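Have a look at the structure below before the remarks.
The values are calculated or read from the model by the stated rules, or taken from the named source; none is laboratory data. Keep in mind the model is a prediction, meaning the values are calculated, not measured. As a convention, Cβ positions derive from the backbone with ideal geometry for all residues, glycine included, and neighbour counts pool all protein chains shown. Side chains included, ligands, DNA and RNA excluded: accessible areas come from the protein's heavy atoms. Shrake-Rupley method; radii C 1.70, N 1.55, O 1.52, S 1.80 Å.
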Amino acid sequence: MIKMFDSTSQMMRQVIYALILGIGATYFFLGWGIIMQIILAMIVAIVVESVFLKIRKLPIKHAISDGSAALTGILLAISIPSIAPWWIVVIGVSFAIIFGKQLYGGLGSNPFNPAMLGYAFLLISYPLQMSTWAIEFVNFGQAFDVIFNINHNPMIDALSGATRLDDVKNQLALGKIMSELNAYSVAQSWVNIGFLLGGLYLLARRVIFWQIPTAFLSGIILTAFLLSMVDSENYLPVQNHLMLGGTMLGVFFIATDPVSASTTPKGRLIYGFLIGILIVVIRTFGGYPDGIAFAILLVNITVPLIDYYTQPKVFGK
Amino acid sequence: MVNYTFKGGIHINSPHLAEKLVVKQVPPPEQAVLLLQQKVGGEATPCVQIGDKVLTGQVIAKTLGRYSANIHASISGVVSAIEKRLIPHPSGINGICIVIDSDGKDKWIEIGKYDQDFKNYTPDEVIQKIHEAGVIGMGGAGFPTYTKISNVQDVNTLIVNATECEPGIMCDDSLMQEYSSDIIRGTEVLMYACGSYNSIIAIEDDKQEAYQSLLMSNHNDNISIVQIPVKYTSGAEKILIKILLGIEIPSGEFASDHGVLCQNVATVKAIYDAVIYNKPLVSRIVTVTGSAVKEPRNYEVRLGTSFASVVMQSKPNSNPHNIRIGGMMMGVDVPSVQYPICKITNCIFVNNIKPKSSVQSCIRCGQCNKVCPVGLLPQQLFWYAKSENIDRAMDYNLKDCFECRCCDVVCPSHIPLVKYFSFAKALHSKQTIERQKTDMARERFEFKEYRIERNKTERTDMMAKKKEELKNKMAEDKAQKDKILQAIVRVERSKKG
Ligand code: SF4
Ligand code: SF4
């Protein structure tokens, strides 16, 4: 093995490039919202980070250039509904940077994934805005109107609704059974495929290690499979778990955030697998539309323990 | 081919090879400065005085005990000083040196009778000859060879380490090309001395010429010449043993505990010279390389020649330099070129000073633990070393780190990990000593308390006893008095009566 990366910013840049396909797919199906959210989120992330670095009297340029703040912003922007009002992203990103990262001492010292901490905060505080998704292509003007609340565009109500995951869950709760439901979404499938391909790129470039994605996917597949073995009419089938919601984004881009993940090879397997199980459990039995943020945050807590007990074998011992 | 491999390690392209592998002979210097202390062990005791005339090859300082080595004059001339001089050490330490001013003749001392058939000596005599010639580990370890050989009983495998895995160093490569038959013969000598039937000469597979020359010279079936894949740290003793024999030797144990003896190839050549020709160790091959020299090269130099005079021959540019001795990876930086070449000086790197890349935070990316040949988690060690939580770092096996710097090199955040590790290790030994001290102080204190307590109880016991005695005595006295009184009363009564 040779030196893979000259700098951490180079790694972060690779991650950002790898996101392009998934973002592209989202744009293709759901329109301009995501682009605006991402730009806004990046600006907020960098501004908030700079202010905090200034307060902590640390060199600003040096820390910003590692690209981690921008990446946190982008990941959060992708996770929230693309037509959420502007203040959602501002609050979420600020929370993520301040409480998820800077208060712990900055990059590398944060036990939780900052983007997911921001996301969880938003979901708890603003459940309505956080579960209203675009369901059709939103053009530039519409997106601008709805995000920046310039004038309420009645068209928009027709364009938005719950996600397919949410929908299926509500229908099941109403007593419907799987065979009566449509648990498939063209848009979400393509978005997931986009992130999957980006993730494979990261694997090929060795920016991320194989253990977390593999274990994560196995966790989902195994748990979802067991549940549908128990009752295939009441639980979402495996393939829909994989292709709905933020699954592939979570698998390749969020759970693999090295700072908050387990850092030992064996530990990464356990870490990924636990998240996979938890996601299906939360999606199935929990009250929220998607389980990724909570699953990741929960498993983040166990990382020091996992790391300690999964130390690799030392030479000669 | 080899059967085993090791986890981790890195491939590094040697950036500045010594291009001309033909060894350039450097004439004996005007003045030789010979260091009495080697990397390990104590100082040898001088056996010449200022003003003495010495001949090349003459013993000028004798070893004391098993952990130092004889020092021989590397030129002929007059001893002009025995004094402390700067020695090649990162922190500018002084060491006692014998300085010889050349008489320009390089006249050798009469070398006693020697027998080219080493089997006419007993193995012990062979080891003694190695000892007298002042041979030490020339790969950089500096351990006296005589001690290393006599430390192992029942050697089952002798390994000649010709890997030279540190990028940039080429001195062993040219040594093997020029003296291949001496090396094979030296290996036979060593096998005889340590009683091993087998030996393996391990060489990296990018040194084809050297490999071919060794193959051509080898007619001994018990010596196998093995090529191993190029990967840094393959030349570290324990790693090499893993590659060749599949044995992992844990920290705290030595190769000798497993019947393995490892010797560097340059040492083997020195052993050959010592045993076959009675020739003491007075010169060695040194690589001069680095980004700041125009002609990287190997030189055969007398010990005690100054770095500067050798470096000059490689035409360094006039920019400020960074001088590193030993390997690019595990070598040490020294402040200047004002040092003498010693027995372990295998390579001098002269590099242009690079702007330091800025250090960023550890993002736990795991690149470092992927390359650690020992299987440590440098990111965790770093975390605990930084926060001075040394106990936790020890839990993560800090002491197994042999500071190979693989992790340093791959870290995308440019964290000087090994600096933290050596700091943490130093802190740990300090803490251990302090802990022992406080333990001792506590024990002393507790003993004192115990003593006071014991004295106290003894005293009260004694008092109680005395009181008791007094009471008894008083009671007795009273009884006595009573008796007397009764007697008197009786007498009175009888008188009346
Ligand atoms: S390579 Fe550097 S940044 Fe990556 S985990 Fe190791 S110490 Fe941290
Ligand atoms: S310096 Fe220590 S921790 Fe780093 S790779 Fe080498 S042995 Fe492992």
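Details
- One residue from A:260, A:228, A:232 being surrounded by 22 or more Cβ atoms within 10 Å (Cβ to Cβ) and either polar (S, T, N, Q) or within 16 Å of ligand 2 (Cβ to nearest atom) (or both): A:260
- Qualifying positions in the range A:4-58 - exposed (fewer than 15 other Cβ atoms within 10 Å of the Cβ) and within 14 Å of chain B (Cβ to nearest Cβ): A:6, A:10, A:56, A:58
- In the range B:242-272, residue most open to solvent (accessible area, probe 1.4 Å) [restricted to those that are over 15 Å from the mean Cα position of the chain (by Cα), within 12 Å of chain A (Cβ to nearest Cβ) and under 17 Å from residue B:149 (Cβ atoms)]: B:257
- Residue pairs meeting the criteria (Cβ under 9 Å; at least 6 apart or on separate chains; first assigned to a loop (DSSP other than H, G, I, E, B), in the range B:393-405; second within 6 Å of ligand 2 (Cβ to nearest atom) and of a type in the set (Val, Ile, Thr)): B:397/B:374; B:401/B:374; B:401/B:418; B:402/B:374; B:403/B:418; B:404/B:374; B:404/B:418; B:405/B:418
- So residue B:62, is it surrounded by fewer than 20 Cβ atoms within 10 Å (Cβ to Cβ) and either modelled with pLDDT under 90 or within 14 Å of another protein chain (Cβ to nearest Cβ) (or both): yes
- Restricting the range B:406-429 to residues that are part of a helix (DSSP H, G or I) and within 10 Å of chain A (Cβ to nearest Cβ) leaves a set whose member that is nearest to the chain's Cα centre (by Cα) is B:406.
- Test: residue in the range B:388-407 that is open to solvent by less than 10 Å² (accessible area, probe 1.4 Å) and away from ligand 1 (no atom under 16 Å from the Cβ): yes
- Enumeration of residues in the range B:54-72 that are farther than 20 Å from residue B:143 by Cα and not in a strand (DSSP E or B): B:55, B:57, B:58
- Test: residue in the range B:203-211 that is assigned by TED's automatic domain parsing to the domain that holds residue B:127, surrounded by fewer than 18 Cβ atoms within 10 Å (Cβ to Cβ), over 26 Å from the mean Cα position of the chain (by Cα) and at pLDDT 90 or above: no
- Residues within the range B:330-384 that are surrounded by fewer than 22 Cβ atoms within 10 Å (Cβ to Cβ), more than 12 Å from ligand 1 (Cβ to nearest atom) and within 14 Å of chain A (Cβ to nearest Cβ), tallied: 7
- Within the option set A:304, A:265, being open to solvent by less than 50 Å² (accessible area, probe 1.4 Å) and either within 14 Å of chain B (Cβ to nearest Cβ) or among the hydrophobic types (A, V, I, L, M, F, W, C) (or both) holds for one residue only, A:265.
Rundown of residues vs (1) outside the structural domain of residue B:177 (by TED's automatic domain parsing); (2) acidic (Asp, Glu); (3) closer than 19 Å to residue B:344 by Cα; (4) touching an Asp or Glu at 6+ places or on another chain (Cβ under 9 Å), yes/no style:
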{"site": "B:32", "(1), (2), (3), (4)": "yes, no, yes, yes"}
{"site": "B:37", "(1), (2), (3), (4)": "yes, no, yes, yes"}
{"site": "B:42", "(1), (2), (3), (4)": "yes, no, yes, no"}
{"site": "B:45", "(1), (2), (3), (4)": "yes, no, no, no"}
{"site": "B:48", "(1), (2), (3), (4)": "yes, no, no, no"}
{"site": "B:51", "(1), (2), (3), (4)": "yes, no, no, no"}
{"site": "B:54", "(1), (2), (3), (4)": "yes, no, no, no"}
{"site": "B:60", "(1), (2), (3), (4)": "yes, no, yes, yes"}
{"site": "B:65", "(1), (2), (3), (4)": "yes, no, no, no"}
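- Residues that are more than 16 Å from ligand 2 (Cβ to nearest atom) and in a helix (DSSP H, G or I), drawn from the range B:341-392: B:391
- In the range B:324-340, the residues that are farther than 22 Å from residue B:239 by Cα and either within 13 Å of ligand 2 (Cβ to nearest atom) or over 21 Å from the mean Cα position of the chain (by Cα) (or both): B:335, B:336, B:337, B:338
- Checking residue A:238 against (1) over 18 Å from the mean Cα position of the chain (by Cα); (2) touching a residue at least 24 places away in the same chain (Cβ under 8 Å), the condition it does not meet: (2)
- Residue tally, condition within 16 Å of ligand 1 (Cβ to nearest atom) and over 20 Å from residue A:314 (Cα atoms), over the range B:412-449: 7
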